[in-house]
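The values are calculated or read from the model by the stated rules, or taken from the named source; none is laboratory data. Source: prediction; values computed, not measured. With ideal geometry, Cβ positions are generated from the backbone for all residues, glycine too; neighbour counts draw on all protein chains shown. To get the accessible areas, we keep the full protein, side chains included, count just its heavy atoms, and leave off ligands, DNA and RNA. Shrake-Rupley method; radii C 1.70, N 1.55, O 1.52, S 1.80 Å.
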Amino acid sequence: MKPNEALSRQLAEVRDQIDAIDARLLALLNQRAACAQRVGAIKAEHGEADVIYRPEREAQVLRRIREMNRGPLSDEGVVRFFREIMSACLSLERPLGVAFLGPLGTFSESAAVKHFGHAARLFPQDSIDRIFRVVEARHADYAVVPTENSTEGAIGRVMDLLMTTPLRICGEVLMRIQQHLLSRETALEKITKVYSHAQSLAQCHEWLSRMLPQAQRISVGSNAQAAQMAAGGEAGAAAIAGDAAAERYGLPRLAENIEDEPNNTTRFLVLGHQDAGVSGRDKTSLIMSAPNRTGSLVDLLMPFTEHGVSMTRLESRPARHTLWEYVFYVDIDGHRQDANVTQALTALEQRAAYLRVLGSYPAALY
Ligand SMILES: O=C(O)C(=O)C[C@]1(C(=O)O)C=C[C@@H](O)C=C1
């Protein structure tokens, strides 16, 4: 047999196997979708047709898949597949509407898709305030908003709006922020202008000084807008933005991963009208204020220690209505229905001047 005949025969054999597996996968996927539809019908019979998204159940499904995975596919890869499968199944009940900071191509869009999958309907908004308003008015089901960045810290406007919104936190998303230099030009030497959001220019400050010392840095409203501008074909123009913007505006990556701090990560919150149930690995976010006397913050934190609750974040913000008074944003491990968290919150209620639980939700998977 000629060598290329052997090649064709062997390939045909494996491809036949792949075709047979695909047929089984397709049948199984549709069986799963039919089960999800039955779940939807059961929820409707019990008057819960509105609450089709169950973050705690999704977290459990994805954790179980990750634990069962034996490769060769990566854990992150299989989680991504199952994220999309659940997104498609859920959309048979009704596609969810998700509001986030636009335009399309931002890291916020990537966070929304990472959490809800591609079957969600995307509602890009032009400000953080608008995101809260459209979900509060039920023009969209859920909001995805940035709350903190590992290099830049808390996002003040989100913290302030959390204080007054009736929305509940029902999830969190972690996004590694990888910045690229995007351009239609084919060589770094041709770049004379770099457009980006001020924060992204700052995150790539050292790289720009080293590699493009002569290029003018121009700050615009968002990375996605910068990519739109660089895609316009202006000679010498480049943008700093992420993968989503590169794909959305069809821009080649002239240099990849140019951020100075390689672990640059943003944490987003998912907000909706319902609480999430217990998933087994949860977090709880709350706002509290201390009575105005010596040692009161230390006093407030005591119940966490006494009941073995670990605190993952403590952030202070001006109370706004009273000069030099502060509110504290606290994230703890555990669900408010877990016994030790319930006990700590009950003790806290007696000590805090003000206490509000913003929500309990599954901890991000990756
Ligand atoms: O278990 C449910 O409640 C479902 O609706 C099914 C399902 C799934 O596809 O597994 C879909 C949507 C929910 O957010 C959680 C899980």
*Any chance ARG9 is within 10 Å of the ligand (Cβ to nearest atom), open to solvent by 90 Å² or more (accessible area, probe 1.4 Å) and modelled with pLDDT under 95*: no
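Identify, from the list ASP331, ASP338, the residue that is crowded, with 18+ Cβ neighbours inside 10 Å, touching a residue at least 60 places away in the same chain (Cβ under 8 Å) and acidic (Asp, Glu).
Working: ASP331 fails: touching a residue at least 60 places away in the same chain (Cβ under 8 Å).
Going through ASP331, ASP338 in turn, the sole match is ASP338.
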_As an exercise: evaluate VAL78 against (1) farther than 17 Å from GLU172 by Cβ; (2) touching a Phe, Trp or Tyr at 6+ places or on another chain (Cβ under 7 Å) and give the number of the one condition it does not meet._
(2)
_Where GLY156 falls short, out of the listed (1) in contact with a helix residue (DSSP H, G or I) (Cβ under 9 Å, 6 or more places away or on another chain); (2) open to solvent by less than 40 Å² (accessible area, probe 1.4 Å)_ = (1)
*Could you tell me whether any residue of the range 76-89 is of a type in the set (A, V, I, L, M), over 22 Å from GLY280 (Cα atoms) and away from the ligand (no atom under 11 Å from the Cβ)?*
no
*Could you check the range 54-143 for helices (runs of 4 or more DSSP H) lying wholly inside it with 3 or more residues that are open to solvent by less than 60 Å² (accessible area, probe 1.4 Å) and farther than 18 Å from GLU247 by Cβ?*
55-68, 75-93, 128-136
*Any idea which of (1) on the phi < 0 side of the Ramachandran plot; (2) under 15 Å from the mean Cα position of the chain (by Cα) is the one GLY105 doesn't satisfy?*
(1)
_Output for the range 90-113, where each listed residue is away from the ligand (no atom under 16 Å from the Cβ) and out of contact with any Leu (no Cβ under 6 Å at 6 or more places or on another chain)_ = ALA99, PHE100, LEU101, GLY102, PRO103, LEU104, GLY105, THR106, PHE107, GLU109, SER110, ALA111
*Find the helices (runs of 4 or more DSSP H) located wholly in the range 196-313 whose residues include 1 or more that are of a type outside the set (A, V, I, L, M), open to solvent by 30 Å² or more (accessible area, probe 1.4 Å) and over 30 Å from GLU349 (Cβ atoms), and list them.*
198-203, 205-211, 223-231, 243-248
